[in-house]
Structure formats: structure tokens, C-alpha cells
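Below is one structure, written out as C-alpha cells; comments come after it.
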Amino acid sequence: MNIEHSLSQEIQQAFQSIFEVTIELPSLQATNKEFEGDYTLVVFPFTKTLRQKPEDIASKLGEYLAENSPQIASFNVVKGFLNLVLKENTWKKALEYIQQQPSYGNAPAKNQKVMVEFSSPNTNKPLHLGHLRNNFLGDSISRILEANGYEVIKANLINDRGIHICKSMVAYEREGNGESPQSSGIKGDHLVGKYYVEFDKALRQETKVLHEAIFRSVEQPDTPYKVAFPEAAQKKIDAILAKIKTQKDSKKISELEGDLKQIVQNQTFLMREAKDLLQKWEAGETETYALWQKMNGWVYEGFEETYQKIGISFDKVYHESETYLLGKDIIQDGLEKDVFYQEEDGSVWIDLTANKLDKKLLLRSDGTSVYMTQDLGTADLKYKDFQIDKSVYVVGNEQDYHFNVLFKILEKLDRPYSKGLYHLSYGMVDLPTGKMKSREGTVVDADDLVNQMLEIAKQKTDELGKADDFEPEALQKLYHQIAIGALKYYLLKVDPQKRMMFNPEESVDFEGDAGPFIQYNFARISSLLRKAESLGIKKDGFDGYSDLKPSEIALIQIIYNLPKKIEEAAQNYSPSIVAQYAYEVAKTYSKFYNDCPVLVAEGEAAKSFRLMLSAQTAQVLEKTMNLLGIEMPEKM
RNA sequence: GCAUCUGUAGCUCAACUGGAUAGAGCACCAGACUUCGGAUCUGGGGGUUAGGGGUUCGAAUCCCUUCAGGUGCACCA
């Protein structure tokens, strides 16, 4: 049953009969609230071919349809808009149809596999607010794709190696004194993060000292450098110093000073130590490897706890330590296919200037690989592992360019999966105070945030006193459902690609356009259903019910849209469509609930009808919220 | 500088991908319940859709341009 589709067909037929023209299946829109009608056809596009006034076309169509369509009750024409009013019976049938669908809203199986890669944390510090947006988006889009008939593989590619991890390791070696999560009582990922911060602090201190030493030597040339830089670094430093001298533009000068600082930083003892450790790791040195494993193990334990708390899980976990060497065979393949080219120094590149992109390095002159090489290799690996038809990468929009290039290369290499690649790019999460900066300690920690939300959910629930009769365990579960529900809804309701504002005060607002509001409506319906059960009121047997109220029809209409919305969300890779829809449903129900008594309605048919409508609404609410990864409490 | 994304009510966000008088929530003001859960419902004020041009029956949406902001432009990851 598809009301819209059959209406479109009838309109198509009408054009044939009245005007003797064949048109494409016309698309309809929902009629605006201010006009009478359910669906609207815009007739402006047809004026050209028919050479008639829009009003005339609309009227003729309307008259024809009112006479010949079994579902249309009446029509009205406003300018070039033909508003169609459906028969009440159509909506009653729609409700019956919804009720009969075993998994209403889901699309049939597509027999296609899609991998969604998300989360992908670094193992040098705990998760923060930005990761939460990523995790929620990835989890939700996985569920949405699944509802659309795909077989989904949720993948996490953990960045467990590299210089940043070595930094934590250096700091731990220097001042760790054998501290562990057990001995300190600090969650593993936070403990490792603590050492990362300490490294950074010490590094900045050392950099500052070195940096100042250089400038002292410039102002007082007779004062020798306190430190001896390697020749190459010294050359760069001198070059920049010379540029600074002749530069007048203060902006350029500060840029140059930034460059200088970077070079100096790389010459610090600490940085050299970290790089040294990285080399040892790559060489597989036993001691380094053991420390790396130990610290990463702590981080995994910490992550696992957080993932569990926020309800995130994966089907496949990749580790960069196992994939970072991949991709070299692809370089050879690309060279043979003439997609890549080699410079005289042996480095390998791809020229994408014809595609409005740049030239991109794929292999260093010393034969070692870069980030892109690794990503190429991992893409192949994913395909080899699962024969996926589609591959979604949930990664922040600062990597838009990288993925443009990556996908373009895979396309040129003619990979079988290249047409199914999608970068689900999302914007940063800002705070009212501005950007999150780890330097300035303005990063919102994921665990802290979750705990805060839990505390507020508890406060609010206890204050209202509606869950006073709960067992302690059930109560904890409820706090959790509300807290996580509020947080997920808040982060998912915004269009992914837009950067968004995280206002802590607003996020804990449980009224209006918020997760708990939607949960509340579900709980209200659950309460109705429980009562109906005990009163012996049945949901079916509403055949005789007629004269539907506007808020009843509005509710049927909106829950009837579920399949369309789920499809739209998948096509746009946008959980926000589902979130907004869930809110609309809840709001529409709330109005219905206010307008129409259910259990105390006049007449058994009315009771049954409204109860059925409520039950179906509850299912739609639960379904949509589950697509966002949000659980629904039956009491709250 | 080049590339790219964004700019909508005081604030946070929508607008079915070009359709009617641009809508919600928060905040503010005023109302509703001798009925099933008030984490509710109704009403009100609040807009030159950053500015300017263009395309057409019709533009927040498409094109050009200016302005403002974000991000990216390493033989880093």
C-alpha cells in the first residue's frame, strides 16, 4: 500500500484522459497546514506544454480525480496548487496496513554489504565530545542502513601506533614510577592521557627555553647558542631568522616564528626521545613493544567501559599497527596501470590536477609509505575481508580533502568497490566558549559528560517522583536511558555536515525538542496500554468508528511516513532526519493526546481506534529512537 | 594566496532537495485541566534567509560577486 504512489498514478492517468498527454509520474507534496487537503500537486510545471492557465489545469484535474479516484473526497485550487482531500477511509485503511506490517518501516533485504567505519580513536588519550558525535553518527547510520536492507559491518580502525603514543610512553618512562590503573584508581585511558598531557607540558617548556635561546643569540650575537642543533636544522633556523629580519608584515613574521618553533620543537630532547622510541617500536624492540602493549591495554579497557556505557559496539576491529605497512603493492599496481608516476628521486605521485585536486605523494623517496598509502591498503583489506559493496567512513570534515583524493585514486585504480565509497563528513562540535582546545583544557571529556548527564537525569527524575516505586536496579537503568537518550538526541538532531554548538545547559534541557520528551510520550502510551489491558479494552474492533478528528488524521499521516523517512535518512546518510521525524511524531501524538480521550472516549469503537493508533505510534517512536541508538523506558 | 564548507528569529536548529504567507524548541508574555502521566497543550510578539546582482511562472535553496567565519593545503598521521 502506497497512497502517494497510487495518487501519482491516478494523476498520470488523468493527464492522459483530459489533455491526452503522457507525463512522468508526478511527485506530490504534503499540503501546507494553512490549506485544506492532504496532498498537493503543483501544476506550474505543466503550463508550458499544455498552454493553459495553471488554475484551469488544476481545476480540470481536480474534477476528474474527485469523480474517478476511489481515495479522493474533494479538492480545492489555490493559484497553481491543486490540493487533494483524501477520504477518511483511506486513513483508516492506512492504520490497518501499518498494524499488519510485521516490521513496519524496514525495507526488504538488498543482499548488499556495507561497512561503516567509525570511532577510530587514538590510544594516547580518552574520548571527548567530538568522538561522541562520531560514535553516535556511526552507530546510528549503521542502524539506519540495516533498516534499509543492508547487511552492515560496524568497524573500528584503532590508531594504536605512531608518534603520539610514543609521547605518552616517554612521559610514563620518565615519571611513571610503575603507576597503573589498578594502583592509581584512574581509568586506563585517562591514565595514559595524563602522561600525554605531561609530555606536552614538558615539551612546551623545553621548546620555549630553546626558542628563547635562539633569540638571545640574535640580539646579542656574541652570546653563543646554548645548544648545538644538527646541521640541517641549523640551516633551516638561520634561513628563517634571516627572513624574519627583512620581513615587515607582522602577520608574516608570526607565521615564520611559528615555523621556527616547529623546527625547534623537533630538536628538543623530548621529541627526539619520542622519535627514537617510535623507531625502536618499528624495529620490534622487545622492551618498547611490551610497554606499548601494556599502555594500550589500559586504554582498551578504558575505551571498552566507555563504549559500553554509551551503547556502542563493533563487529570488526582493525589496528593500525597491523595495517600501517599495507598499500605498497597498490603502488606497484598503480605504476603499472599508469595511474601513478615516479619522480627521479624514486618517490611516487599521482597527478590529480585534471580533477581539480593536487599532486599527491604516495611513496617517499626512501620507499616508505605515507598516510594515503596505508588508507589505500586498508580499503583493499576491507574488501578482501568482507567483499563489501559499500564502504562508509565516518570522519570529521577536516579530512574532506584527504577522502576526495583517496576515493579518486581508488576510482582510477578501478577497484570493484570504488563506486560504493562514501565519506560521512561531519562538522566540529563547538562550545559556547569557542573551540575545544586541549592546550587550553577546554576539551569536554566523554566520561565526565556522561556522568554529568546521569546526575541530571537522576535529579530530574527524583524531583518529579514518578519513578519512586522502581527497584534500585531499574532506577539506575532508567537514569541511564534518559541521560544517554538526551545526549544522543542532542548530538544527532543536527545535520551532520554542519558544525554544531554544544551548550551544556541546553543539552540537559529535557523539555521541548529533546530526547526525554520523545521518551516521555512513549512512556505515556505504555501506561495507556497497561491500563487498557487491565480494563479489558481491545485495540481492534474499530470498524464502526468514523468522523476522525484532525489530530487523529494528522497522527496517522505522520506515522504513515515512517518508511519514507527511513529511506531518506539512508540516502542522505543523515540520522538527523530520523531524529527530527521522531520529534514530529511525538509532538503530533502529544497534541492528539490532549485533544482526544483514549480510554475514556465515548463508545467502544472510539476507544479501540485510539488505542490502536496509540499503540502504533509507540512502535514508530521506539523504532525511530532505536535507529538513533536510544532506548525507550516504559515508565519514567 | 588556493581549495572547500558554512552564514536563516535574541539563542540552538528546520524547511520534503526549485513551490504557497520561511517553521520548531529555548527564552519572554498571556492562557488551558472537577479526563487516561503537566518532562503536557493553546495563543502572542519576534525575519530585508549576511549584502548585492542574475536565472524563471516561483529562489533560503541554482549561478556570479562582495563580506564574515570554519577547515584543509608536509617526503606528518
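Within the same chain, aspartates and glutamates fewer than 8 places from A:LYS236 are excluded, and of the rest, those with a Cα less than 20 Å from its Cα are A:GLU206, A:GLU212, A:GLU219, A:GLU255, A:GLU257, A:ASP259.
Taking the longest Cα principal axis of chain A as reference, the axis of helix A:604-627 is set at about 20 degrees. For region A:254-373, the C-alpha radius of gyration sits at 1.45 times the compact-globule guess of 2.2 N^0.38 Å, with N the residue count. Stretched out straight at 0.36 nm per residue, the stretch from A:ASP259 to A:LYS235 would grow longer than its current Cα-Cα span by 7.3 nm. Projecting label points 7 angstrom from Cα along Cα→Cβ for A:GLU63 and A:ASN2 puts them 3.2 nm apart. Using the Karplus relation 6.51 cos²θ - 1.76 cosθ + 1.60 with θ = phi - 60°, the per-residue 3J(HN,Hα) values for region A:335-344 come to 5, 5, 7, 6, 7, 9, 9, 10, 7, 4 Hz, with x marking Gly and Pro. Annotation: lysines with alpha-carbon distance below 20 angstrom to A:LYS87 (same-chain offsets under eight excluded): A:LYS33, A:LYS60, A:LYS549. The alpha-carbon of A:LYS498 sits under 17 angstrom from the alpha-carbons of these lysines, leaving out residues fewer than 8 places away in its chain: A:LYS435, A:LYS488. Compute the helix-to-body angle for A:286-310: its Cα long axis versus the longest principal axis of chain A, expressed 0 to 90° and rounded to tens. Roughly 20 degrees between the two axes. Computing FRET efficiency as 1/(1 + (r/R0)^6) for A:GLN9 and A:ASN111, where r is the C-beta to C-beta distance and R0 is 30 Å, gives about 0.60. Between A:GLU411 and A:SER365, the C-beta separation translates, for a Förster distance of 25 Å, into a calculated FRET efficiency of about 0.40. Principal axis extents of the Cα atoms in region A:356-471, from largest to smallest and rounded to whole angstrom, are 65, 38, 27. Each distinct pair of alpha carbons in region A:136-191 adds a 1/r term; the inverse of their mean, the Kirkwood radius, is 14.6 Å. Each of A:ARG272 and A:LEU431 was given a label point 7 Å from its Cα along the Cα-to-Cβ line. The distance between the two points is 3.6 nm.
Database remark: amide H of A:LYS154 closer than 5 angstrom to the amide H of A:VAL116, A:ASP315, A:LYS316 (H placed geometrically; neighbours at sequence offset of 5 or more, or on other chains; Pro and chain starts carry no H). Calculation over all alpha carbon pairs of region A:327-373 in 10 angstrom steps from 0 returns a P(r) of 29, 59, 12 percent. Residue-wise HN-Hα couplings along region A:201-206, as the Karplus relation 6.51 cos²θ - 1.76 cosθ + 1.60 with θ = phi - 60° gives them from phi, are 4, 5, 5, 5, 4, 5 Hz; Gly and Pro carry x. When peptides A:151-162, A:186-197 are sorted by average Cβ neighbour count within 10 Å, with the highest value leading, the order is A:186-197, A:151-162. Working note: 222 nm ellipticity from helices only, DSSP H runs with n ≥ 4, each -39,500 (n - 2.57), summed and divided by the residues of chain A, gives -18500 deg cm²/dmol to the nearest 500.
Computed from Cα atoms, the angle from the helix A:3-19 axis to the main principal axis of chain A rounds to 70 degrees. Note on region A:560-636: lysine pairs with Cα distance below 25 Å, sequence gap of 8 or more or different chains, count 15.
Its Cα gyration tensor gives chain A an equivalent ellipsoid. The semi-axes, each the square root of 5 times an eigenvalue, are 57, 33, 23 Å from largest down.
Scaled to the globular estimate 2.2 N^0.38 Å, the Cα spread of region A:483-636, given as radius of gyration, is 1.10.
Amide H contacts under 5 Å for A:GLY396: A:TYR426, restricted to partners 5 or more places along the chain or on a different chain, H placed in the peptide plane at 1.01 Å from N.
Using the Kirkwood radius built from alpha carbon pairs, what does the Stokes-Einstein equation give as D for region A:337-405 at 37 °C and 0.692 mPa s, in µm² per second? Can you show the working numbers first?
Numbers: Rh = 13.6 Å.
Answer, rounded: 241 µm²/s.
With only Lys, Arg, Asp and Glu charged, each at its Cβ (+1 for the first two, -1 for the last two), find how big the charge dipole of chain A is about the Cα centre; round to the nearest 20 debye. Intermediate results must be reported in sequence, preceding the final value.
Working: 77 positive and 95 negative charges, 175 e Å.
Using only the charged Cβ atoms, the result is roughly 840 debye.
Can you give me the relative contact order of chain A as a percent, contacts being Cα pairs under 8 Å and 6 or more apart? Reported as a whole number, the value is 14 percent.
For A:TYR401 and A:ASP547, the FRET efficiency from 1/(1 + (r/R0)^6), where r spans their Cβ atoms and R0 equals 51 Å, is about 0.30.
What's the whole-number percent of alpha carbon pairs in region A:403-557 lying beyond 19 angstrom?
71 percent
Using the Cα coordinates of region A:3-86, the gyration tensor eigenvalues translate into equivalent-ellipsoid semi-axes of 18, 15, 11 Å, sorted from longest to shortest.
Every number here is computed from the coordinates shown, using simple stated rules; none is lab data. Here the structure is a predicted model, which is why all the values come from computation and not from measurement. Virtual Cβ from ideal backbone geometry, glycine too; neighbours counted across all protein chains shown.
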